[in-house]
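A quick write-up on the structure given underneath.
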There are 2 protein chains.
Amino acid sequence: MYKKEISKAVINRLPRYYRYLSDLLEKDVVRISSKELSERMNVTASQIRQDLNNFGGFGQQGYGYNVEYLHSEIAKILGLDRIYNLIIIGAGNLGQALANYADFERRGFHVSGIFDVNPRLKGLSIRGIEIMMMEELESFVKENSIDIAAITVPKSKAPQLAQELVNMGIKAIWNFAPTDLHLPKEVTVENVHLSDSLMKLSYRISERDKA
Amino acid sequence: MYKKEISKAVINRLPRYYRYLSDLLEKDVVRISSKELSERMNVTASQIRQDLNNFGGFGQQGYGYNVEYLHSEIAKILGLDRIYNLIIIGAGNLGQALANYADFERRGFHVSGIFDVNPRLKGLSIRGIEIMMMEELESFVKENSIDIAAITVPKSKAPQLAQELVNMGIKAIWNFAPTDLHLPKEVTVENVHLSDSLMKLSYRISERDKA
């Protein structure tokens, strides 16, 4: 339907469009001009038109965008028109933060299970989801259709765990361990490297202070 | 010393170089060729040379890179040759995860204080840092030299809090609330939008499944 090879920069901006449109929907805004959307989002109106043209447009010259329609179309592009079963490996603070984040559930990311090695966490629940032990992981993955595994274990454990998850048939990993995972190409990996983010911040602070 | 206007893509890769070089240092590797570094990092050797040339090189043709020297030079570029005092606003799971992350401390990001509105958290400590109440924030910021504020409060509270922090003199914000902050240009903001990251993952899963 739309042309292939969408640039990484466009893909990086799509979730942001979706977020802004979600906010507008919550405020019952029915229609928005690309000018107004651009002012809110702090990008140019032509950038917005150009980005959306990658997927066939959605706006009518002079009429602006229908918020609900654009929101649902971007949802489809982002693959948000289905449910994803997600497991979280590592029930520390970060794993618990992810499990508690109700917004994910609202967007179709259903937390199916949480796993940890710490026997003291066994049987505890987060948002009604019982923490299971790692010995239970393989059979759980086999019995349930799991789409995404979030990894919040220490860096030293992450590469082997990721490989094991792939062996169990997991095809998408949301990696929070501060290390890159080297996995087969058919496995989709999205990294959240918090320390990289903090270093980008210190880079920009030191550049600013030099100026 | 080095030419200005380093591209965003290069800046995004620098923390990754730093991370790999830190791992090599830990393994007592003294010297590495750009070819070997490129294989480990899964980027081309010419990309590495090109990136580092932005800052004046650091390698000698045929000799490879001195790991310790390159590590310390990249640290300087990233502004890691100084200490940053960081406060965390929001002592929920995510705030606690950040406070517990010893790696940040090791790189010079010192957690000076943690703040929350929940009176039940008053007096509790995370890694020896006592959780303070929001009423204490302003005087704490005035009495201490705070470089960075990490915001892990709900989305609805984040914009006003960010504005208040700026009014108190904070010039860098590490924002985890799923909303963009519109702040004066002189304030450096680095966003970690977890839901955007998850949507990028679902986009790539759905593109993969279409193929």
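Of note:
- Failed condition for A:Gly62, given (1) under 28 Å from B:Gly90 (Cβ atoms); (2) small (Gly, Ala, Ser); (3) not assigned by TED's automatic domain parsing to the domain that holds A:Pro178: (1)
- Among the residues examined, B:Gly128 does not qualify as surrounded by 15 or more Cβ atoms within 10 Å (Cβ to Cβ), on the phi > 0 side of the Ramachandran plot and either in contact with a Cys (Cβ under 8 Å, 6 or more places away or on another chain) or outside the structural domain of B:Leu14 (by TED's automatic domain parsing) (or both).
For every residue, the table says whether it meets (1) modelled with pLDDT of 95 or more; (2) within 14 Å of another protein chain (Cβ to nearest Cβ); (3) under 24 Å from the mean Cα position of the chain (by Cα).
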{"site": "B:Lys35", "(1), (2), (3)": "no, no, no"}
{"site": "B:Thr44", "(1), (2), (3)": "no, no, no"}
{"site": "B:Val67", "(1), (2), (3)": "no, no, yes"}
{"site": "B:Ile83", "(1), (2), (3)": "yes, yes, yes"}
{"site": "B:Ala91", "(1), (2), (3)": "yes, yes, yes"}
{"site": "B:Asp103", "(1), (2), (3)": "no, yes, yes"}
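- The set of residues in region B:98-115 that are part of a helix (DSSP H, G or I) and not acidic (Asp, Glu) comprises B:Leu98, B:Ala99, B:Asn100, B:Ala102, B:Phe104, B:Arg106.
Every residue, every condition in (1) touching a residue at least 24 places away in the same chain (Cβ under 8 Å); (2) within 22 Å of B:Ile205 (Cα to Cα), yes or no:
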| site | (1), (2) |
| --- | --- |
| A:Ile87 | yes, yes |
| A:Ala91 | yes, no |
| A:Val111 | yes, yes |
| A:Glu136 | no, no |
| A:Ser145 | yes, yes |
| A:His182 | no, yes |
| A:Thr188 | no, yes |
| A:Ser195 | no, no |
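- Filter result (more than 19 Å from A:Leu194 (Cα to Cα) and of a type in the set (A, V, I, L, M, F, W, C)) within region B:65-124: B:Val67, B:Leu70, B:Phe115, B:Val117, B:Leu121, B:Leu124
- Per this entry, B:Arg19 is counted among residues that are farther than 29 Å from B:Glu143 by Cβ, crowded, with 17+ Cβ neighbours inside 10 Å and basic (Lys, Arg).
- Within region B:180-201, being closer than 12 Å to A:Asn191 by Cα, in contact with a helix residue (DSSP H, G or I) (Cβ under 8 Å, 6 or more places away or on another chain) and among the hydrophobic types (A, V, I, L, M, F, W, C) holds for B:Val192, B:Leu194, B:Leu198.
- Number of the condition not met by A:Asp51 [criteria: (1) buried (at least 18 other Cβ atoms within 10 Å of the Cβ); (2) in contact with a strand residue (DSSP E or B) (Cβ under 8 Å, 6 or more places away or on another chain); (3) not aliphatic (A, V, I, L, M)]: (2)
The values are calculated or read from the model by the stated rules, or taken from the named source; none is laboratory data. Because the structure is a prediction, the values reported are computed rather than measured. Heads up, the Cβs are rebuilt from the backbone with ideal geometry, glycines too, and the neighbour counts pull from every protein chain shown.
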